[in-house]
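The values are calculated or read from the model by the stated rules, or taken from the named source; none is laboratory data. Owing to the predicted nature of the structure, the values given are computational and were not obtained by experimental measurement. Here the Cβ positions follow ideal geometry from the backbone for every residue, glycine too, while neighbour counts run over all protein chains shown.
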Amino acid sequence: MAEGVDTGDDLFESLRKQVDPKKLEEKAKAQAEREAAQSAKAAQRLGELIGSNSSLPVTISSIRLIGASHTRRSFLDRIFDPILTANRDKAYTLQEALQEVGSATDKLRRFEIYHPSLSTFVDRPDPTDPNSSPTDIDVYIQARERGRISLKTGTDLGNVEGSAYGNLTWRNILGGAESLNLNASAGTRTRSAYQATFDTPILSDPDKRATVDVLASSTLKPWSSHEEVLKGAGAKYSWATKSGTRHQVGYTGMWRQVTGLAANASPTVRTDAGDSVKSSIIHTWFADRRDHPFLPTRGYYMKTVSEIAGWGPLQGDVAFWKSELETSAAIPIPILGIKGDSGVSLTGGIRGGMLYPLAIGFGSEIKPSRINDRFQLGGPTDVRGFKMSGLGPRDGPDAVGGDIYAAASANLLMPFPRVGKDTPLRLQLFANAGRLLALQDGKKSTSQSFYSTAAQIGDGLPSIAAGFGVVYAHPVARFELNFSLPLALRKGEEGRKGLQFGVGINFL
């Protein structure tokens, strides 16, 4: 063979050396590191430039949103017009201008009609433009709209129920961040549930929203030997305060049916069987200062729900005042030998509620509460170690609910050994207690019966359970698998010794 001519094997060997996967991977890694270093240097230079010119006077002459083809101009004007210098009494410094633009961009992001990665650029206008001044800056915001229509289907398993669901969401319907959500589900306990919700921000403010919804559902309640069918509609208005707390006030009209009674249904359930109409106004307030909604290590949470039904002009055939208070707090537990956050935390929670019967409309007759409206207590998401609705008054085989309740829980959460505190898994030790009571019928007035029943909450030991388990914090819900042991039960109540599985977003 002539000298200097490669054989086929030599050629392939030469090519292999040039395209060695390990070398290519090393080159790509080195290139990524160089680009990251360049980006970091650019960000540092930009920060230094802004820092050294933070007091430089500037005027925002224009703001342009790129990529918002389905958002109407009037909706955006309410967000951006107030920060244009032409609409202000005084000029900005560069730092103030960037802060205002950042706040407006964050507000735009919270409407959830764009992908979160909004990019902001600042440029000088054309110096030859006679309408521009040396202090003018133009702001450009690059956005990418989310899909206007999305469809999700799936299955859920938890709280002794399996279900399949479908969700259709239509976003930015009229170009002002309006949305329409259609939900349908069917399961082993909730036989069917359908809901349509239209939601819109008020005056381009993500913290002020109006909602209208209609719903229909059919739910089996085996703990009280019946099926509940609901059909109704409501309207709500929600807003946030400057301190970060949130309020919601709304009106709901609901037609309820207690139907499908079991053969051994108790007299209490049979008395409340049939139709009822509830017309009510509901106010909800909550403040969430926790560092994580499902695995908090510090902070607190408070919530109140107040409902007035059937009183005065509301009418319907039930009337009552119903109020609930829920609060919880978490504190980190330091561990010797571990610097910083150990991942160990102690959480505690308290819930309480009361239902006070009222006269319907402007009448004087006060009727006892119905099974539809009373509180139920016990289960894997509130008082663990008890069956669903295992606490409180019973009539034969049925849990018939109560008018006054109190419950408390303490939980110690610890990271799994060799797994670390940065994972969503935790070991849990818990103890919880609760008591649920019904107003006593008799010769006493409603107020006397209410106060005497409330005084019994602290009379003697409540029902108590303790145990341990595993907690997994999924982005959309918290999962728990616990071994529970009831320690104190009142007569007729139903504890649950052994494994108990719970899924929810709000645990005691």
Practice problem: State all residues of segment 273-297 that are of a type in the set (G, A, S) and part of a strand (DSSP E or B); if no residue qualifies, say none. | Solution: G274, S276, S279, S280, A287
Quiz item: Could you list, in sequence order, the residues of segment 213-237 that are surrounded by 15 or more Cβ atoms within 10 Å (Cβ to Cβ), over 25 Å from T188 (Cβ atoms) and in contact with a Phe, Trp or Tyr (Cβ under 7 Å, 6 or more places away or on another chain)?
Solution: G234
Quiz item: What residue, among those in segment 298-319 that are touching a Gly at 6+ places or on another chain (Cβ under 9 Å) and assigned to a strand (DSSP E or B), is farthest from L346 (Cα to Cα)?
Solution: G316
Quiz item: If only one of L425, L461, L429 is over 27 Å from the mean Cα position of the chain (by Cα) and of a type in the set (A, V, I, L, M, F, W, C), which one is it?
Solution: L461
Practice problem: Among the candidates S484, S463, S445, single out the residue that is of a type in the set (S, T, Y), free of Cβ contacts under 8 Å to residues at least 24 places away in the same chain and out of contact with any Ser or Thr (no Cβ under 8 Å at 6 or more places or on another chain). | Solution: S445
Quiz item: Listed residues A40, A68; which is part of a helix (DSSP H, G or I) and either modelled with pLDDT under 65 or not assigned by TED's automatic domain parsing to the domain that holds D207 (or both)?
Solution: A40
Practice problem: State yes or no: is F479 modelled with pLDDT under 95, among the aromatic types (F, W, Y) and within 17 Å of L508 (Cβ to Cβ)? | Solution: yes
Self-check item: Which listed residue is surrounded by fewer than 14 Cβ atoms within 10 Å (Cβ to Cβ) and closer than 30 Å to G154 by Cα, from G492, G498, G469
Solution: G498
Quiz item: Of all residues in segment 333-365, which are under 30 Å from P313 (Cα atoms) and at pLDDT 90 or above?
Solution: G352, G353, M354, L355, Y356, P357, L358, A359, I360
Practice problem: Starting from segment 370-381, keep only residues that are buried (at least 20 other Cβ atoms within 10 Å of the Cβ), then list their pairs with residues that are hydroxyl-bearing (S, T, Y) whose Cβ atoms are within a distance under 6 Å, requiring at least 6 positions of separation or different chains. | Solution: F375/Y405; Q376/S389; L377/Y405; G378/S389
Exercise. Test R124 against the criterion of being in contact with a His (Cβ under 8 Å, 6 or more places away or on another chain), farther than 30 Å from P222 by Cβ and among the basic types (K, R), and give yes or no.
Key: no
Quiz item: Considering only residues of segment 470-507 that are under 15 Å from the mean Cα position of the chain (by Cα), among the aliphatic types (A, V, I, L, M) and assigned to a loop (DSSP other than H, G, I, E, B), which is farthest from P397 (Cα to Cα)?
Solution: V476
Quiz item: How many residues are of a type in the set (S, T, N, Q) and surrounded by 15 or more Cβ atoms within 10 Å (Cβ to Cβ) when one looks only at segment 78-92?
Solution: 1
Exercise. Give segment 108-131 a look and list any residue that's over 19 Å from I173 (Cβ atoms), surrounded by 10 or more Cβ atoms within 10 Å (Cβ to Cβ) and hydroxyl-bearing (S, T, Y), or say none.
Key: S119, T120
Exercise. Just give me the residues in segment 148-176 being modelled with pLDDT of 90 or more, farther than 19 Å from R191 by Cα and in contact with a strand residue (DSSP E or B) (Cβ under 9 Å, 6 or more places away or on another chain), in sequence order.
Key: R148, I149, S150, L151, L168, T169, W170, R171, N172, I173, L174, G176
Quiz item: Out of (1) touching a residue at least 24 places away in the same chain (Cβ under 8 Å); (2) over 30 Å from S389 (Cβ atoms); (3) of a type in the set (F, W, Y), the odd one out for W223 is which?
Solution: (2)
Quiz item: Out of segment 336-366, which residues are hydrophobic (A, V, I, L, M, F, W, C), in a strand (DSSP E or B) and under 34 Å from the mean Cα position of the chain (by Cα)?
Solution: L346, I350, M354, L355
Quiz item: Going through segment 389-418 one residue at a time, which ones are in contact with a strand residue (DSSP E or B) (Cβ under 6 Å, 6 or more places away or on another chain) and over 30 Å from K367 (Cα atoms)?
Solution: A408, S409, A410, N411, L412, L413, M414, F416
Quiz item: Within the bounds of segment 272-281, is there any residue that is closer than 27 Å to A477 by Cβ, of a type outside the set (G, A, S) and out of contact with any Pro (no Cβ under 8 Å at 6 or more places or on another chain)?
Solution: no
Quiz item: Taking the condition of a type in the set (S, T, Y) and in a loop (DSSP other than H, G, I, E, B), does T423 pass?
Solution: yes
